[in-house]
Amino acid sequence: MKNVIVGQSGGPTAVINSSLLGVFKTAKDRGADTVYGMVHGIKGLLDGDVVDLSTRIKTDLDMDLLKRTPSSFLGSCRYKLPDIEGNEKTYDKIFAMLKKLEIYAFFYIGGNDSMDTIKKLSDYGEKIKSSIRFIGVPKTIDNDLAITDHTPGYGSAAKYIAATTKEIIRDGLVYDYPVVSVIEVMGRNAGWLTAATALAKGEDCEGVDEIYLPERVFDIDKFVERMGKLLKQNRSIVIAVSEGVKVADGRYVCELSDHVDYVDAFGHKQLAGTARFLAGKVAEKYGVKTRAIELSSLQRCASHIMARIDMTEAFNAGGAAVKAAFEGLTGQVITLKRVSDDPYMCITEPADVHYIANVEKKVPLEWITDDGANVKPELVHYIYPLIQAEIAPLWINGLPRHIRLHATSTIKGKK
Ligand code: F6P
């Protein structure tokens, strides 16, 4: 019996379901009997909430819809498994569940926090001499996973951000009086996503005026002073800022305005309000019109503008994970290795999860300009291939059609 199980974890992306499809289809093609899905990741598995994916993904149309549906089809979680030592009961419960379902291989689609789950489960599996294989499939719009050239999900978010930034720049120029727009971009402590705003610049677009990444300390006074200078030169000013920029004492800028009281299981504070805070500072000092534009979840669920290359790589990463497991590997994460820039080409390669779990890969400082207010061409050059090509949604009644998992599809739901 070759049953496999797959889960999705952490923040979603526009292409995370392509990886799910990659796992599902490849496992089936390679002779898996049942492909189970964990509903809300490892937390669902602990609660016995799993689904036989074949009961929901039946036709070619279902598969076409799945890869065009944003967010995590199976539902997600931000659940941190406890340390193994002293918590063996939790692990025994998970392994008992896997045994009951006769699982041969376990796949987890997620970012660096989620890879902590693969690390712990494969470590425990080794300890109890289990034959189950544990493989991670990379995913995150933040692009902050170590070893891999980039992560599935990043290219589509970057495409949305660059395209939206171009539109914001056009809109900002509409009046004959000054407007300062501050665009806040996700990415937590890494600036990869915010850097994508640099792609807006081209022969039909002036580009953003300044870009602030969390890799450099943010100085609020200097920022306000620079805005004063820019206001003397331009009518419309567009600034891109990472949600994770911090001031010299280590506090996030957004913490200076809002009382941030939500912290997830991995200790991450909810980051939001940076643009509002900075736009407020500019308005207060110069009395000009400002706009705070928080791209928020829009940037990670915009499946109507996903990058085809990203979707393909997401699918391939899922398929490569199954291949790795079926060839006997465990405790690995699939990474993307850029083998050529022109033409752009990436291959998949497994890497030890211990080098990836819980590690944040930041933008190299040499790709940021010396004044800390923009990015260098090398960074733009790195991102460009990742946003290429499009895939149209299946439009029904003027809107993109999605596929959903119904509660009753789950084994628990049927009870
Ligand atoms: O990790 C991906 C991400 O989208 C980050 O960029 C962002 O800070 C975070 O998730 C938001 O998480 P949540 O959806 O839990 O608020």
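The values are calculated or read from the model by the stated rules, or taken from the named source; none is laboratory data. What you are looking at is a predicted structure, and each value in this text was computed from that prediction instead of being measured. Heads up, the Cβs are rebuilt from the backbone with ideal geometry, glycines too, and the neighbour counts pull from every protein chain shown. When the accessible area is computed, the model is the full protein with side chains, heavy atoms only, and any ligands, DNA or RNA have been set aside. Shrake-Rupley method; radii C 1.70, N 1.55, O 1.52, S 1.80 Å.
What to note about this one:
- Shown in residue order for the range 213-222 are the 3J(HN,Hα) couplings computed by the Karplus curve 6.51 cos²θ - 1.76 cosθ + 1.60 at θ = phi - 60°: 9, x, 5, 10, 5, 9, 10, 5, 4, 4 Hz (x for Gly and Pro).
- Of all DSSP beta bridges confined to the chain, the antiparallel ones make up roughly 35%.
- Taking 0.36 nm per residue of sequence separation and removing the Cα-Cα distance, the Asp47/Asp352 pair yields an extension gain of 106.9 nm.
- Contact order normalised by residue count of the range 105-210, Cα under 8 Å, 6+ apart, percent: 23 percent
- Taking amide H positions as modeled 1.01 Å from N, with prolines and chain starts lacking one, the residues under 5 Å from Ile109 and 5 or more places away or on another chain are Gly7, Gln8, Ser9, Val137.
- Too-long pairs where the Cα-Cα distance tops 22 Å, listed order kept, from Lys127/Lys323; Lys281/Lys376; Lys100/Lys127; Lys222/Lys269; Lys43/Lys119: Lys127/Lys323; Lys281/Lys376; Lys222/Lys269
- The range 167-322: proportion of alpha-carbon pairs further apart than 19 angstrom, %: 58 percent
- Using alpha-carbon coordinates, inclination of helix 114-127 to the longest axis of the chain, degrees: 30 degrees
- Straight-line cross-link reach from Lys58 at under 21 Å between alpha-carbon atoms covers these lysines, not counting any fewer than eight positions away in the same chain: Lys2, Lys25, Lys28, Lys67, Lys412, Lys414.
- For Lys246, the residues whose modelled amide H falls within less than 5 Å of its own, excluding neighbours fewer than 5 places apart on the same chain, are Phe218, Val253.
- For the chain, the solvent-accessible area with a 1.4 angstrom probe is 43 square angstrom per residue.
- Kirkwood Rh in Å, taken over the chain so that all alpha-carbon pairs contribute: 22.1 Å
- Percent carbon-and-sulfur accessible area, the chain, ignoring ligands, DNA and RNA, probe 1.4 Å: 50 percent
- The distance linking the range 1-36 with the range 131-201 is 26 Å (Cα centroid to Cα centroid, whole angstrom).
- Ala389 paired with Asp62, simple spin-label distance in nm, labels 7 Å along Cα-to-beta-carbon: 2.6 nm
- Convex hull projection area averaged over all views, the range 205-296, Cα basis, nm²: 6.7 nm²
- Over the residues of the chain, the helix contribution to mean residue ellipticity at 222 nm works out to -10500 deg cm²/dmol, using -39500 (n - 2.57) for each DSSP H run of at least 4.
- P(r) histogram, all alpha-carbon pairs of the range 241-385 included - 10 Å bins from 0, percent: 9, 23, 34, 24, 9, 2, 0
- Sequence-distant residues sharing a close amide H with Tyr212 (under 5 Å, placed H): Ala240, Val241, Ser242
- 25 °C / 0.890 mPa s Stokes-Einstein diffusion coefficient of the range 141-186, Kirkwood radius on C-alpha pairs, µm²/s: 195 µm²/s
- Extension gain (nm, one decimal) between Ile396 and Lys222, 0.36 nm per residue minus Cα-Cα: 57.7 nm
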